[in-house]
Amino acid sequence: MDIATKCRLKRTLLFKDSLLKEKHRAFFDEHFMNHPVIHISFSLCKGTSPEVFLDMACEAVAKAANSWLKHYAFISGRCVNNEADNIQGLLEILDDYKKARRDANTSTKRFGRLLTLLFACLSEFVGECIGKYILLLDEYDIPFIHAHLKSWSDEEKEEVQSSLKGLIQAMFK
């Protein structure tokens, strides 16, 4: 099975219960079936502390990044300018994230910066190699609800909300 067919099957599974697909099939087929998907699920973004919480958010983005890197061998013929730089940047930020996870003293601010950088590098990598893509955010409300309901200090909540805001801004640039 060629890569185009594999990607099309994956997109079909990602959007299988979508109302958009059911109600507006032509629009769905024209747009959603013709562009690759960065799928990030925030369903597990919960934590007992702000650091653990942001670590889980980073993990959700890192999982998507690692998935794209695994498929890079299949799509490498489609990449255009600077793909080596983009791959290197993504690999470096993933490595920084792994180091931060191993360091028990990693701060909320560092995890927050890594969260935004992970997505920015992933977006640049996919955009450079493929072009336009669809960003699918599953359970995007979970991090906001979880952070709001936790009994963290106001300062901790502010740092977490600031990190989430930075991520959302990076996603919609």
Heavy-atom accessible area of H35, protein chains in place, probe 1.4 angstrom, given in Å² to nearest 10, is 50
Extension length gain for K109 and K10 (0.36 nm per residue less Cα distance), in nm, is 32.2 nm
Largest first and rounded to whole Å, the semi-axes √(5λ) derived from the alpha carbon gyration tensor of the chain read 30, 21, 12
Any DSSP H helix in the chain with Cα axial reach of 27 Å or more and mean Kyte-Doolittle score of at least -0.5? Listed by number, the hits are 50-75, 108-129
Note to self, the chain gives a 222 nm [θ] from helices alone (DSSP H runs n ≥ 4, -39500 (n - 2.57) apiece, / all residues, nearest 500) of -22500 deg cm²/dmol
Answer in debye to the nearest 20: the dipole magnitude of the chain about its Cα centre, from +1 Lys/Arg and -1 Asp/Glu charges placed on Cβ, is 500
Judged on accessible area alone, 1.4 Å probe, highest first, D138, D154 line up as D154, D138
Given a 1.4 Å probe, the accessible area of the chain per residue, as a whole number of Å², is 59
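Of Y133, Y97, which has the most accessible area and how do the rest follow, probe 1.4 Å?
Y133, Y97
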From most to least accessible, 1.4 Å probe, no ligand or DNA/RNA atoms counted, I145, I38, I134 line up as I145, I134, I38
Relative contact order in percent for the chain (Cα pairs under 8 Å, 6+ apart) equals 31
The percentage of the accessible area of the chain (probe 1.4 Å, all protein chains present) made up of carbon and sulfur atoms, to the nearest whole number, is 53
In the structure shown, of K99/K150; K10/K46; K21/K46; K21/K63; K46/K109; K10/K63, the pairs separated by more than 23 angstrom at the C-alpha atoms are K99/K150; K10/K46; K21/K46; K21/K63
Per the rule of 0.36 nm per residue minus the C-alpha distance, extending D17 to K99 adds in nm 25.7 nm
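The values are calculated or read from the model by the stated rules, or taken from the named source; none is laboratory data. In this text, all values refer to a predicted model and were calculated from it rather than measured experimentally. Quick reminder, even Gly has a Cβ in these numbers, built from the backbone with ideal geometry, and neighbours come from all protein chains shown. Only protein heavy atoms, including side chains, enter the accessible area calculation; ligands, DNA and RNA are left aside. Shrake-Rupley method; radii C 1.70, N 1.55, O 1.52, S 1.80 Å.
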